[in-house]
Amino acid sequence: YTILSKVHSDRNVYPSAGVLFVHVLEREYFKGEFPPYPKPGEISNDPITFNTNLMGYPDRPGWLRYIQRTPYSDGVLYGSPTVENVGKPTIIEITAYNRRTFETARHNLIINIMSAEDFPLPYQAEFFIRNMNVEEMLASEVLGDFLGAVKNVWQPERLNAINITSALDRGGRVPLPINDMKEGVYVMVGADVPFSSCLREVENPQNQLRCSQEMEPVITCDKKFRTQFHIDWCKISLVDNTKQVSTFQEVIRGEGILPDGGEYKPPSDTLKSRDYYSDFLITLAVPSAIALVLFLILAYIMCCRREGVEKRNMQTPDIQLVHHSAIQKSTKELRDMSKNREIAWPLSTLPVFHPVTGEIVPPLHTDSYDNTSMPLMQSQQNLPHQTQIPQQQSAGQY
């Protein structure tokens, strides 16, 4: 079903076009090329990573993929060779990096793609397995179990794995690290007989409706996969290459001669001088003149077109002007009265005669005295010339 090979220096492999190719890069092989630990007898477990590229190019061919989860796991090259690469040896440079000593080891893998008349098989089905990662599916025993389940359902004479693709390469999301969730993997298989009735059940209208409602379709042969593989039947793809209509159109080729357009005349080597005065006028003078005109129009509107107070008064009702004038007069009168508060107090508010001697009491302040903060009425105890009158005592005290 698949071609497996161990890693060796300058190893030649011979995969077939249209058949899944898997090549394992084992860490145990490269450990012998790196120096061991300083302590004798200690088991070496250096972290090793791999870099693979086509000789002379920075990346691999388009049909070849590579995966290595951790520096402590083996690397895997996998893919499905195409017919276009048949007969062309593909040299893959494999560089191993020891992450402890920073040393490298390089080997070449020569892939000689062979043509196969029976491949690819005409009937192809692609399954999406939700509970598997791509490196788990690439294991020979797991892939063999899956092909065995497909063979029991399909009953073909010939069956082979065509390609394996991770769901992340199809735009899938990285799963959350909970409940041991997997990324998912697409597995394409090919057979030489038409699809079985079990696989055709996905195309039923009832199952199509359940898939559109994000519900699990009813497939009779799902129990043959459910024990080990959880297949998303809504994402299965069935391709019948025997019914594919060729869209190739024969290209009508002409004589290959362009019409005569005359003799080519290259531009002259000497450049003529150019006057930039007109460009200056267009770039600076014209915008400046337009800005000046706009400024003058705005200045005329703002300064020369003002309505003024007279026009405002003419448009205001007379009663409103009278009210406004009365308010202004009252405000002015109040202000004038507040300025006249500095006059002398009236004499009726001041004592005239001394209570004991009977003499006339002079004013308490002069005309220039600041009495703005003095109250209008003063209490008797505040008068400086007031004489205390003795209180009458009871008869028993004489």
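Observations
Yes/no per residue for (1) outside any strand (DSSP E or B); (2) modelled with pLDDT of 90 or more; (3) under 26 Å from residue 78 (Cα atoms); (4) among the small types (Gly, Ala, Ser):
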{"site": "188", "(1), (2), (3), (4)": "no, yes, yes, no"}
{"site": "198", "(1), (2), (3), (4)": "yes, no, no, no"}
{"site": "206", "(1), (2), (3), (4)": "yes, yes, no, no"}
{"site": "209", "(1), (2), (3), (4)": "yes, yes, no, no"}
{"site": "214", "(1), (2), (3), (4)": "yes, no, no, no"}
{"site": "224", "(1), (2), (3), (4)": "yes, no, no, no"}
{"site": "228", "(1), (2), (3), (4)": "yes, no, yes, no"}
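- Residue in the stretch 38-50 that is free of Cβ contacts under 8 Å to residues at least 24 places away in the same chain and touching a Gly at 6+ places or on another chain (Cβ under 8 Å) present: no
- Residue, nearest to residue 240 (Cα to Cα), within the stretch 99-121, restricted to residues that are touching a Lys or Arg at 6+ places or on another chain (Cβ under 9 Å) and at pLDDT 85 or above: 113
- In the set 106, 99, 130, only one residue is within 20 Å of residue 187 (Cβ to Cβ), in contact with a strand residue (DSSP E or B) (Cβ under 8 Å, 6 or more places away or on another chain) and open to solvent by 10 Å² or more (accessible area, probe 1.4 Å); that residue is 130.
- Any hit, the stretch 77-95, residues being open to solvent by 50 Å² or more (accessible area, probe 1.4 Å), of a type in the set (Gly, Ala, Ser) and farther than 25 Å from residue 189 by Cβ: yes
- The residues listed here are 125, 139, 167, 116; of these, the one that is within 23 Å of residue 25 (Cα to Cα) and touching a strand residue (DSSP E or B) at 6+ places or on another chain (Cβ under 7 Å) is 167.
- Any hit, the stretch 183-190, residues being surrounded by fewer than 16 Cβ atoms within 10 Å (Cβ to Cβ) and more than 18 Å from residue 147 (Cβ to Cβ): no
- All positions within the stretch 62-81 that are closer than 12 Å to residue 135 by Cα, part of a strand (DSSP E or B) and in contact (Cβ under 8 Å) with a residue 24 or more places away in the chain: 65, 67, 75, 76, 77, 78
- Any chance residue 59 is under 24 Å from residue 191 (Cβ atoms) and either within 38 Å of the chain's Cα centre (by Cα) or in a helix (DSSP H, G or I) (or both): no
- Meets criteria (surrounded by 16 or more Cβ atoms within 10 Å (Cβ to Cβ), in contact (Cβ under 8 Å) with a residue 40 or more places away in the chain and closer than 26 Å to residue 239 by Cβ) for residue 158: no
- Residues (touching a Ser or Thr at 6+ places or on another chain (Cβ under 7 Å) and either free of Cβ contacts under 8 Å to residues at least 12 places away in the same chain or of a type in the set (S, T, N, Q) (or both)) located in the stretch 82-125: 95, 104
The values are calculated or read from the model by the stated rules, or taken from the named source; none is laboratory data. Nothing here was measured: the structure is a model prediction, and the numbers come from that model. Using ideal geometry, Cβ is built from the backbone for each residue, glycine included, and neighbour counts are taken over all protein chains shown. Each accessible area value is taken on the protein alone, full model and side chains, heavy atoms only, with ligands, DNA and RNA left out. Shrake-Rupley method; radii C 1.70, N 1.55, O 1.52, S 1.80 Å.
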